[in-house]
1. Across the stretch 98-118, what is the total count of residues that are surrounded by fewer than 18 Cβ atoms within 10 Å (Cβ to Cβ) and either of a type in the set (Gly, Ala, Ser) or touching a residue at least 24 places away in the same chain (Cβ under 8 Å) (or both)?
2. Given the condition of a type in the set (D, E, K, R), assigned to a helix (DSSP H, G or I), in contact (Cβ under 8 Å) with a residue 12 or more places away in the chain and surrounded by fewer than 21 Cβ atoms within 10 Å (Cβ to Cβ), answer yes or no: does some residue in the stretch 45-55 qualify?
3. What is the number of the single condition among (1) among the β-branched types (Val, Ile, Thr); (2) open to solvent by 40 Å² or more (accessible area, probe 1.4 Å); (3) at pLDDT below 95 that Ile123 does not meet?
4. Which pairs turn up if I take residues in the stretch 12-41 that are of a type in the set (S, T, N, Q) and look for partners that are open to solvent by 40 Å² or more (accessible area, probe 1.4 Å) and outside any strand (DSSP E or B) with beta carbon separation below 8 Å, at least 6 apart in sequence or on another chain?
5. Output the number of the condition that Gly16 fails; it satisfies all remaining conditions of (1) farther than 22 Å from Ile123 by Cβ; (2) in a helix (DSSP H, G or I); (3) open to solvent by 20 Å² or more (accessible area, probe 1.4 Å).
6. Has the stretch 366-376 got any residue that is open to solvent by 80 Å² or more (accessible area, probe 1.4 Å) and not aromatic (Phe, Trp, Tyr)?
7. Which ones in the stretch 401-421 are polar (S, T, N, Q) and farther than 22 Å from Val11 by Cα?
Amino acid sequence: VAVDAALLAGVLMRTGEQPHASDVVNYAPFTLLPSAVPRALFEQAYAVQQDFNLLVDTISQNKEFLEQTLASTIKVDDFTARLFQIYMQVLEEGLAQTVFLGINRSDYMFDCGLDGTAALRQIEINTIAASFGGLTSRTADVHRLVLKVLGKTEEASHLLPNNPAKGLALGIAKAWELYGSQRAVVMFLVEEVQRNIFDQRCVENELWNRNIRVIRRRFRDVFEQGSLDASRRLYMDGQEVAVVYYREGYVPQNYDQQNWEARLLLERSRAVKCPDIATQLAGTKKVQQELSRPGTLEKLLPGHPEAVARIRATFAGLYSLDEGEEGDRIAATAIADPDRFVLKPQREGGGNNLYGEELRQVLEKIKDSPERTSYILMDKIKPQPALNYLLRAHSPLRASECISELGIFGVYVRQGQELVLNQAPGHLLRTKATEHADGGVAAGVAVLDTPYLV
């Protein structure tokens, strides 16, 4: 019943065997039952999202902060260095872009204290290609039906409506409108392999419903057909582009020399980039670690003490591995007690973090090298596991001990200095079996879920 409901609702992905074909699809993996989430922590995560939107947008405009914070990272991390190089080049030339659009997702886990009380702890904030706003908009209906079939009609009525796709499209539409050309299109910048195309189509179709034209192109297409006119308007195949919405470009594998050139062309243009390169840099792990230092938030958000307090309340312990006494000390602590920590590189997309014995081995190897500055260290969060069934095509069905991660979507639009839109349009719950330390839905580890507030 659950699988048929998912197929009917459009909770779909292309298959690994035929990732380019929409005539062979299967359901996206999901939990049989919704997972319990503490109501107070769920509400706390929503309440702080507009603060995070403001913070990310503020950081993206603060050249001095980005320069200082990423100085050690760009020496050893080639990918971040290339992004930073484009950022500086575009600033030197002078920004053509006047409207800014941010679509992010702040991810949390529920840390279970020794006394059994749970606390909300931020894992990361994704400022580029934050996915599953589309499919999660359809997952609650599936869980609602499952509960009814199980005779839990009362419980079914408690599942919240959730439609991030609509909110993400609203942000893109607002940016398109402020760009100010009725004929211009929105360009989804997409990967070569698009297994998760239906998630994107949910947002895309919301735009078509508003009579906004959408085109889908890859970096390669931009390199071959993209051009700028004298006032740096971006054209693709003769069509003016108002908004570039990145669903690609967040890992080194997305780039070769041509793709880097295409990225530079996009960044130099007047088009609204979601995200622009400064906002992508604001989402790096190194920035996240810097924000947790005493006094940093106050400097970035003067006059917003309540926002600072709400943001700080979600932070887990984050530690710098920069060269020097402090970095040496924290590296030694982690090598001695690796199970207390997670080692994170400057990467998005899941599946990159290191734990336990692997963490210890990597730190042993790089502890005396500048390479360690390309990582940050974070306290390991210990959530309370719960039983659930993870439904995956062609996988045996068994009850698993599971932990969940809650993501809150954020959307904001700024014109010049004025924030004209700042919203939290929905949420995403992903759940994985406890034997998998790391990884998201697209990485094939976590599955889609719906929060049942308790």
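1. Residues of the stretch 98-118 that are surrounded by fewer than 18 Cβ atoms within 10 Å (Cβ to Cβ), as a first pass: 98, 112-118.
Pick out the ones that are also either of a type in the set (Gly, Ala, Ser) or touching a residue at least 24 places away in the same chain (Cβ under 8 Å) (or both) and you get 98, 112-113, 116, 118.
Of the residues in that region, 5 qualify.
2. Within the stretch 45-55, the first condition is being of a type in the set (D, E, K, R), and the residues that meet it are 51.
Those still in the list that are assigned to a helix (DSSP H, G or I) too: 51.
Now narrow it down to the ones that are in contact (Cβ under 8 Å) with a residue 12 or more places away in the chain: 51.
After this cut, where a residue has to be surrounded by fewer than 21 Cβ atoms within 10 Å (Cβ to Cβ) as well, the list is none.
Scanning the stretch 45-55 turns up no residue that is of a type in the set (D, E, K, R), assigned to a helix (DSSP H, G or I), in contact (Cβ under 8 Å) with a residue 12 or more places away in the chain and surrounded by fewer than 21 Cβ atoms within 10 Å (Cβ to Cβ).
3. Here Ile123 clears every test but (2).
4. Final answer for the pair search is Thr15/Val24; Thr15/Arg195; Gln18/Val24.
5. Among (1) farther than 22 Å from Ile123 by Cβ; (2) in a helix (DSSP H, G or I); (3) open to solvent by 20 Å² or more (accessible area, probe 1.4 Å), the lone unmet condition for Gly16 is (2).
6. Here is the first cut: in the stretch 366-376, the ones open to solvent by 80 Å² or more (accessible area, probe 1.4 Å) are 368, 371.
Retained after the next criterion (residues that are not aromatic (Phe, Trp, Tyr)): 368, 371.
For the stretch 366-376, residues open to solvent by 80 Å² or more (accessible area, probe 1.4 Å) and not aromatic (Phe, Trp, Tyr): present.
7. Applying the first criterion (polar (S, T, N, Q)) to the stretch 401-421 yields 404, 415, 417.
Selection gives Gln415, Gln417.
Residues are listed down the side, and each one gets a yes or a no for (1) surrounded by fewer than 21 Cβ atoms within 10 Å (Cβ to Cβ); (2) β-branched (Val, Ile, Thr); (3) modelled with pLDDT of 95 or more:
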| site | (1), (2), (3) |
| --- | --- |
| Arg220 | yes, no, yes |
| Gln225 | yes, no, yes |
| Gln239 | yes, no, yes |
| Val251 | yes, yes, no |
| Tyr255 | yes, no, yes |
| Ala278 | no, no, yes |
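The values are calculated or read from the model by the stated rules, or taken from the named source; none is laboratory data. It should be emphasised that the depicted structure is a prediction, and the values quoted were computed from it without experimental measurement. Cβ atoms come from the backbone with ideal geometry, glycine included; neighbour counts cover every protein chain shown. Areas reflect the complete protein model, heavy atoms only, side chains present, ligands, DNA and RNA absent. Shrake-Rupley method; radii C 1.70, N 1.55, O 1.52, S 1.80 Å.
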